[in-house]
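Bear in mind these aren't lab numbers, they're just calculated from the coordinates by the rules spelled out. Please read these numbers as outputs of a predicted model, since none were measured by experiment. Cβ coordinates were reconstructed from backbone atoms using ideal geometry, including for glycine residues, and neighbour counts include every protein chain displayed.
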């Protein structure tokens, strides 16, 4: 394999493995349906073989994923209207999420991937994989944007990032989340890109927040120059355990998420004020955003 | 589970469809292979026996041409529409990119090649969509183009993380990009690093881009001052809009590594540029101090 083939074989293998797990079928079952040997599928899933055009399209059809997924680096699916805690989008827990993270799953990978990427970049791929392994979370889980997980996972990740010194007051000022790239939002990104003003973009984002998370129920009030984004905590938030400063970091990260997302419209950075914080005793979280 | 097209059916019609697309794009085999990110040898080998193509190459083709995979797979592409789309993108750049054109597409083309090599094709497709141009436009690199094109590229890049790093790498690579033979001949004739820098302003203005006037001053044994002044149309552009001015100031991220590395083309060590002032930040010109590396040791260029 030459370097281009290797690069794309690796990208495709990631998507193939993830899609099969998402579907909840074994390599034997998938290879039977595709009419290839399990050995061949195993090699394809390891990136040791370059997949042919007809087989790739057949695979995508079988798994109901976009043939572009490997170019995007994630699997996104037609968007559900919102997260439903009582209903699994896919067959029951096919990625084998541990109990600690699989109740009240109010976050999706779409909302988590900024922080995950930050940890991945700060620690390096190996250490990040090792972290996920200790938490018993399959790393492939993070390649499916609508996959759901609970807030405890985010709390644990923030806790560890703080323990390793990679997340502190200073770094919270400088983190640049890749949400400024519309593609990073997955399918929601194209809706955001159509916005004609920062205010419209923010409105669309708030409208779509259910596709990112439901730990807070967001609404927006705005004047000509400012918007107040209000996040009311969901009742089930009390079920999660985190030190106060950890949950406060979560709110600051949310502010960075809004800031980065607004840069889809204009590269200019806006200063967001976190005026109320649920974790500091207020009844909700509020962000004052110039628009 | 039902599969709507069999693998054999798909394989059978793959090449006729690919051949039609290649013909419409009027690309020879090496250019078309490159477009699909395939080694030319492998492309020719597969084509000669109508062997199946790697999925990534076909997906990249679909992505770049914005073709629907379903229509492609079922051979229901409307070639008339495709032909029109390709042709409309082939000959005309939007007017906003051709008024007061002082440069050619060769530099943006080098930029895109660099973007393609360092990131994913989806980003490149997004770039073409954002600028509302067709990839075909880049086939004629002699086309005149104005500063708005570069400005839109900068705006696009600035929305993405690590833009500065990308631009730095791009500047560095750009210094070694293919140029007319006379460019390197002229550089080779310069016998000292100082005389290399005496000729660089002329070479950039003549062969690279004409949006700025370049000059050097205060030439000494180990240093000189390199000045860059925008031409009138750019001054007007910068005066009209703060946002444009801010983006134009990003050009330094490309220019500094570019000017540092140009001498490397003919075997000199790279130099070190330090930004002293920027026109787009209010100064009368963009000025840089050039420090020549080891001037006393280097009486002639190194072998390359």
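Using just the C-alpha positions of the protein assembly as shown as equal point scatterers, what log10 of I(q)/I(0) does the Debye formula give at each q in 0.07 1/Å? Each listed q maps to, in turn, -0.52.
Exposure proxy ranking for A:209, A:1, based on other Cβ atoms within 10 angstrom of each Cβ and starting from the fewest, stands as A:1, A:209. With the convex hull of its Cα atoms as the shape, region A:123-170 has an orientation-averaged projected area of 3.9 nm².
Per residue of peptide B:50-63, the mean number of Cβ atoms on other chains within 10 Å of the residue Cβ is 6. Taken along the Cα-to-beta-carbon direction at a fixed 7 Å, the label points for residue B:207 and residue A:280 span 6.0 nm.
When each of the peptides B:63-71, A:119-127 is scored by the mean number of other C-beta atoms lying within 10 Å of its residues, the order from highest to lowest reads B:63-71, A:119-127. Peptide B:255-261 has a mean of 0 when you count, residue by residue, the C-beta atoms of other protein chains within 10 Å of its C-beta. Distance from the C-alpha centroid of region A:217-266 to that of region A:132-185: 15 Å, rounded to the whole angstrom. Highest mean first, the peptides B:222-229, A:165-172 sorted by other C-beta atoms within 10 Å per residue fall in the order B:222-229, A:165-172. Once the Cα atoms of helix A:53-63 and of chain A are each reduced to a long axis, what angle between those two axes, in degrees from 0 to 90 to the nearest 10, is obtained? Taking Cα atoms only, the helix is inclined about 60 degrees. Per-residue mean of foreign Cβ neighbours for A:262-268 is 4 (Cβ atoms of other chains, 10 Å radius).
For the peptides B:257-265, A:34-42, the ranking by mean Cβ contacts within 10 Å, running from highest to lowest, is B:257-265, A:34-42. For region B:172-304, the Cα gyration tensor yields ellipsoid semi-axes of 27, 16, 12 Å (square root of five times each eigenvalue, largest first, whole Å). Taking every C-alpha pair closer than 8 Å and separated by at least 6 residues, the mean separation divided by the residue count of chain A gives a relative contact order of 16 percent.
Sorted fewest first by neighbouring Cβ atoms within 10 angstrom, A:116, A:107, B:217 come out as B:217, A:116, A:107.
Net length available on complete extension from residue B:66 to residue B:249 is 62.6 nm, with 0.36 nm assigned per residue and the Cα-Cα distance removed.
With q set to 0.15 Å⁻¹, the log10 of I(q)/I(0) for region A:1-156, from the Debye formula over equal scatterers at the Cα positions, is -0.84. For chain A, the spread of Cα positions along the three principal axes, ordered from largest to smallest, is 60, 40, 37 Å. Going from the residue with the fewest nearby Cβ atoms within 10 Å to the one with the most, A:59, A:70 rank A:59, A:70.
For region A:154-259, what does the relative contact order come out to in percent, with C-alpha contacts under 8 Å and a separation of six or more? Write out the running numbers ahead of the final one.
Working: 74 pairs, mean separation 27.3, N = 106.
Value for region A:154-259: 26 percent.
Using the Cβ-Cβ distance between residue B:274 and residue B:242 with R0 = 22 Å, the FRET efficiency computed as 1/(1 + (r/R0)^6) comes to roughly 0.25. Convex hull volume of the Cα atoms of region A:207-291, normalised per residue: 99 Å³. Rounded to the nearest 10 degrees, the angle from helix A:244-262 to the longest Cα principal axis of chain A is 80 degrees. Computed from the C-beta positions of residue B:98 and residue B:231 and an R0 of 22 Å, the FRET efficiency is 0.85 to the nearest 0.05. Between residue A:125 and residue A:238, the simple label model (points 7 Å from Cα in the Cβ direction) yields a spacing of 4.5 nm. Taking the C-alpha atoms only, the angle from helix A:198-207 to the longest principal axis of chain A is near 70 degrees.
Taking label points 7 Å from Cα along the Cα-to-Cβ direction, residue A:46 and residue A:172 give a separation of 4.5 nm.
With contacts taken as Cα pairs under 8 Å and at least 6 residues apart, region B:170-223 reaches a relative contact order of 28 percent.
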